[in-house]
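This report concerns only the one structure given below.
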Amino acid sequence: MTRPTPLRHERFGRRVLIATAAGAAFATIPRAARAEADTVRVGYIRWTEPRSAISLLDRPPQDIGLAGAKLATRDNDTTGRFMNQQFELLEVPFRADDDPVTALATLTGNGFTLILVDVPADRLLTLAGADKGVLLFNVGAPDDALRQQACRDNVIHVAPSRSMLADALAQYLVWKKWSRWVLAHGSHSEDALLADSYRRAAKRFGARIVKELEFKDTGGARQTDSGVVQTQQQLPVFTQGLPDHDVLVAADENGVFADYLPYRTWDARPVAGSAGLRPVSWDPSSESWGGTQLQDRFIRMAHRRMTELDMQAWTACRMIGEAASRSASADPAKITQEIKGADFGVAAYKGQRLTLRDWDWQLRQPILLSDGRNIVSVSPQPGFLHQVTQLDTLGIDRPESRCRLR
Amino acid sequence: MRRRSHAWQFAGLLLATMSSPASADTAYVTNERDNTMSVVDLEQMKTVKTVSVGQRPRGITMTSDFSKILVCASDDDTIQVIDADTLRIVGNLPSGPDPETFVLHVSGNPLYVSNEDDNIVTVIDVPARKVIAQIPTGVEPEGMAVSPDGQTIVNTSETTNMAHFLDYKSRKMVAGVLVDARPRGAMFKHDGSEVWVSAELGGTVSVIDPAQHVVTHRISFDVQGLRAETIQPVGIQFNRDDSTAFVALGPANRVAVIDTKNYKVKKYLLVGQRVWQMAFTPDQKYLLTTNRLSNDISVIDVASLNVVKSIQVGRLPWGVVVSPK
């Protein structure tokens with residue numbers, strides 16, 4: 001039934017050490033101490049089903065996410081040299097018909113209990129329930145349910161939730177006084193959830209959805225050789241006869257139609273959401289707060305640009321590395337304790353320390369608003385106040401949380 | 001007795017103050033966004049000249065005789081040598097890739113450069129314009145400091161979150177001290193008894209005993225009406241008798257004035273936006289701060305602890321150095 005799961009073993013410790021040392025008057029901890037370095041083991045259950053995208057430019061790379069984890073492992077290893085720690089990354093590729101429990105057992109059987117997970121929400125819950133002794137880092141699933149009624153004490157959410165992304169965009173649109181929205185959502189269940197997040201965001205921040213549209217996914221290929229002729233006729237009609245609005249907000253998580261909207265709408269209105277101005281956890285154009293260094297490092301290693309999923313995996317791995325150096329330990333129990341501790345935070349090129357919400361284990365983070373070329377703005381926006389931290393104006397805040405961690 | 005470390009330009013401090021009045025001081029400011037260096041006349045308190053330099057100029061310092069200005073042109077992967085009289089670029093130092101900042105040894109040579117993209121510190125013989133060594137360090141090396149006795153070099157690494165201690169003679173890493181998130185600046189007291197390290201995202205300054213390599217104090221900041229996350233310490237300076245420390249707090253737009261006896265903040269001075277690096281005038285009458293987002297430098301009167309002037313420079317000013325000439 002389930003295919004044997006291939007293992008890809010990434011062991012960077014010594015190789016990186018040697019690479020950095022080459023041609024340099026090298027000096028660090030004595031070799032003997034290195035040999036006994038504590039090993040921090042990080043697993044990665046990685047979704048490898050094909051991901052679709054309208055634009056050729058957005059065609060997902062084979063190693064999406066994984067490259068971020070690899071870079072963070074290198075970064076952790078550089079730090080580890082000074083802490084007598086080394087990091088090991090083990091990837092388990094995962095497809096739709098694979099058994100989550102088997103994939104998990106592959107890792108735990110090899111002593112990997114700190115595990116990055118990029119799988120859909122239902123599989124994530126199976127993983128979390130299968131072994132309470134592991135700590136999972138959700139780097140892919142944006143579902144609010146995972147942070148609400150279905151939250152789990154052994155799941156850290158590094159990926160921002162749909163509501164955080166929607167709130168980030170909403171704050172900017174409201175700040176811009178573009179408060180009359182048309183909401184165009186796709187026909188997939190994820191699109192319905194994302195549309196819910198935009199409805200909630202509109203209500204919270206004082207925008208108004210003047211009309212909703214549904215774009216039905218009738219299947220078929222995305223961009224094709226002559227497809228451009230059809231979309232030119234199809235999209236204006238789809239957006240014809242709308243009430244007066246400032247912006248068209250698209251909720252299309254599967255890349256079915258949103259990228260066709262800009263320049264093809266009936267009215268001359270900007271597009272935001274899943275196309276146009278997009279709320280993202282990372283963008284290869286982000287250069288603020290030292291971002292250039294990370295982008296350079298990533299491109300040098302992966303020979304491509306750094307995506308959101310790469311950043312989410314990088315951040316999760318760095319959280320483990322940071323906890324290992326703060327606790328001076330490679331023991332997964334100590335690392336878990338450190339990560340869940342009140343003082344824990346991680347730097348991820350967002351201008352402030354990212355910390356965890358202790359009510360649902362969601363990583364607080366500023367959200368970048370990208371036009372695909374540059375960062376237009378970073379939310380939270382000025383003026384949206386909060387009694388604890390402005391970052392908690394994004395997503396589900398403590399008083400409204402339905403999460404009971406268990 | 002040797003007196004200076006990081007802002008090594010004060011090596012010639014006593015001589016400088018005796019030989020020339022403060023009013024003749026000139027400040028040089030790197031403008032990261034403009035690829036220029038502003039020349040500020042501190043008598044007139046205004047920018048008198050703007051000089052084109054390499055791409056993305058950041059770290060800036062001067063040779064001990066104040067004849068040359070050294071500028072990290074980060075995106076050109078070089079350090080430019082600028083003649084202080086003619087303001088012409090007279091040479092380049094082989095800095096290694098993406099030099100961000102540097103410190104000159106107290107003896108005037110060599111120069112220690114942090115190569116942010118490559119996790120190394122490059123050691124350069126300045127007169128010979130040659131790389132002597134490259135020392136591996138943590139991820140994204142940043143701040144550099146030399147102990148007053150010249151025996152220890154400290155380098156901070158932003159993503160490793162450490163202050164690394166390098167031995168001058170052996171050029172070996174002797175210790176790594178974990179500090180708070182994203183360490184930026186490092187500065188020795190003149191008496192060498194402490195090295196202070198700022199942590200931009202941690203929001204703290206760690207006081208490190210350089211003999212024991214341990215953090216002995218951790219200084220936090222609290223500005224009324226400001227959220228903790230907007231307080232991001234970067235530059236650090238000590239006055240001559242080490243009694244007072246000044247810490248630039250980034251987007252808090254303030255410089256904290258700290259009593260070094262009890263590590264308490266005695267005053268917060270409101271300066272320009274996203275205050276970054278600082279430098280004293282040779283007589284220590286004034287402390288200058290670069291303010292990234294307001295494109296100016298603030299002039300702090302050190303005796304009265306008042307901000308007396310802001311002077312327009314170029315866009316995204318990064319570093320500042322003051323010459324008594």
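The values are calculated or read from the model by the stated rules, or taken from the named source; none is laboratory data. A quick note: this is a predicted structure, and the numbers were derived from the prediction, not measured. Neighbour counts are summed over all protein chains in view; Cβ atoms, including those assigned to glycine, are modelled from backbone coordinates with ideal geometry. Surface areas here come from the heavy atoms of the whole protein model, side chains and all, with no ligands, DNA or RNA. Shrake-Rupley method; radii C 1.70, N 1.55, O 1.52, S 1.80 Å.
Quick notes on this one:
- Theoretical FRET efficiency, 1/(1+(r/R0)^6), r = Cβ-Cβ of residue A:305 and residue A:385, R0 41 Å, to 0.05: 0.70
- Diffusion constant of the protein assembly as shown at 20 °C, which comes from Stokes-Einstein with the Kirkwood Cα-pair radius and 1.002 mPa s, µm²/s: 79
- Largest first and in whole Å, the equivalent-ellipsoid semi-axes of chain A read 38, 23, 21, each the square root of five times a Cα gyration tensor eigenvalue.
- When the protein assembly as shown is described by a simple charge dipole with +1 on each Lys and Arg Cβ and -1 on each Asp and Glu Cβ, the residue from A:169, B:300, B:38 located farthest towards its positive end is B:300.
- Think of chain A as having a plus end and a minus end, set by charges on the Cβ of Lys, Arg, Asp and Glu; of A:281, A:140, A:355, A:355 sits farthest toward the positive end of this dipole.
- Ligands, DNA and RNA aside, residue A:82 has an accessible area near 30 Å² when probed at 1.4 Å.
- With R₀ fixed at 56 Å, the C-beta to C-beta distance from residue A:342 to residue B:44 puts the FRET efficiency at about 0.60.
- On the beta carbon distance between residue A:268 and residue A:51, with R0 = 30 Å, the FRET formula returns roughly 0.40.
- Overall, the anisotropy analysis places the range A:75-177 in the oblate class: the square-rooted eigenvalues a ≥ b ≥ c of its C-alpha gyration tensor yield a/c not less than 1.5, with a/b not exceeding b/c.
- Sequence-separation-based contact order of the range B:15-137, relative, with Cα cut under 8 Å and 6+ spacing, percent: 13
- Taken about its Cα centre, the range B:91-152 carries a charge dipole of about 380 debye when Lys and Arg each add +1 at the Cβ and Asp and Glu each add -1 at the Cβ.
- Surface listing: B:266, B:285 arranged by accessible area from highest to lowest gives B:266, B:285, probe 1.4 Å.
- Qualifying aspartates and glutamates (Cα of each under 20 Å from Cα of residue B:309; at least 8 residues distant if same chain): B:25, B:41, B:43, B:283, B:296, B:301
- Convex hull of alpha carbon positions in the range B:73-123: directionally averaged projected area 3.7 nm².
- Accessible area per residue (1.4 Å probe, heavy atoms of protein chains only) ranks A:375, B:132, B:120 as B:132, A:375, B:120, with the largest value leading.
- Taken along its three principal axes, the alpha carbon spread of the range B:114-181 comes to 37, 27, 16 Å, from the longest extent down to the shortest.
- Student exercise, the protein assembly as shown dipole from Lys, Arg, Asp, Glu Cβ charges, in Debye to nearest 20: 660
- The range A:31-89 and the range A:246-314 have their alpha-carbon centroids 22 Å apart.
- Any cysteine of chain A lacking a neighbouring Cys Cβ under 4.7 Å - listed by number: A:317
- DSSP bridge analysis restricted to the protein assembly as shown gives an antiparallel fraction near 75%, rounded to the nearest 5.
- Positive contributions from Lys and Arg (+1) and negative ones from Asp and Glu (-1), summed over other residues with Cβ under 10 Å from the Cβ of residue A:117, come out at +1.
- The heavy atoms of residue A:75 offer some 10 square angstrom of accessible surface to a 1.4 angstrom probe.
- Taking label positions 7 Å along the Cα-Cβ direction at both residue B:304 and residue A:234, the computed distance is 7.2 nm, reported to one decimal.
- Exposure ranking of A:406, A:199 by accessible area [1.4 Å probe, largest first]: A:406, A:199
- Solvent exposure of residue A:78, expressed as accessible area, is near 10 Å², computed with a probe of 1.4 Å over the protein chains only.
- Sequence-distant lysines (8 or more away, or on other chains) whose Cα lies within less than 23 Å of residue A:334: A:70, A:132
- For chain B, the relative contact order works out to 15 percent when only alpha carbon pairs closer than 8 Å and six or more residues apart are counted.
- Over chain A, Cα pairs under 8 Å with separation of 6+ residues give a relative contact order of 19 percent.
- In the range A:207-319, one over the average inverse separation of all distinct C-alpha pairs is 16.7 Å, which is the Kirkwood hydrodynamic radius.
- DSSP bridge pairs, chain A: antiparallel proportion in percent, nearest 5: 25
- Cα centroid of the range A:117-165 to Cα centroid of the range B:146-223, whole Å: 38
- When both the range A:199-213 and the range B:267-304 are represented by their alpha-carbon centers, they are found 46 Å apart.
- Links that overshoot a 26 Å alpha carbon limit, given the list B:49/B:325; B:130/B:169; B:169/B:285; B:264/B:285; B:267/B:325: B:169/B:285; B:267/B:325
- Charged neighbours of residue B:294, selected by a Cβ distance under 11 Å, balance to +2 (K, R count +1; D, E count -1).
- The mean count of C-beta atoms from other chains within 10 Å of the C-beta of residues in A:322-328, rounded to a whole number, is 2.
- If you take the alpha carbon atoms of the range A:251-406 and fit the smallest convex hull around them, that volume is 166 Å³ per residue.
- Averaged over the residues of A:285-293, the number of partner chain Cβ atoms lying within 10 Å of the residue Cβ comes to 3.
- Within 10 Å of each Cβ in B:129-139, the average number of Cβ atoms from other chains: 5
- Only Lys, Arg (+1) and Asp, Glu (-1) charged, at Cβ; the range B:177-325 dipole about Cα centre in debye: 400
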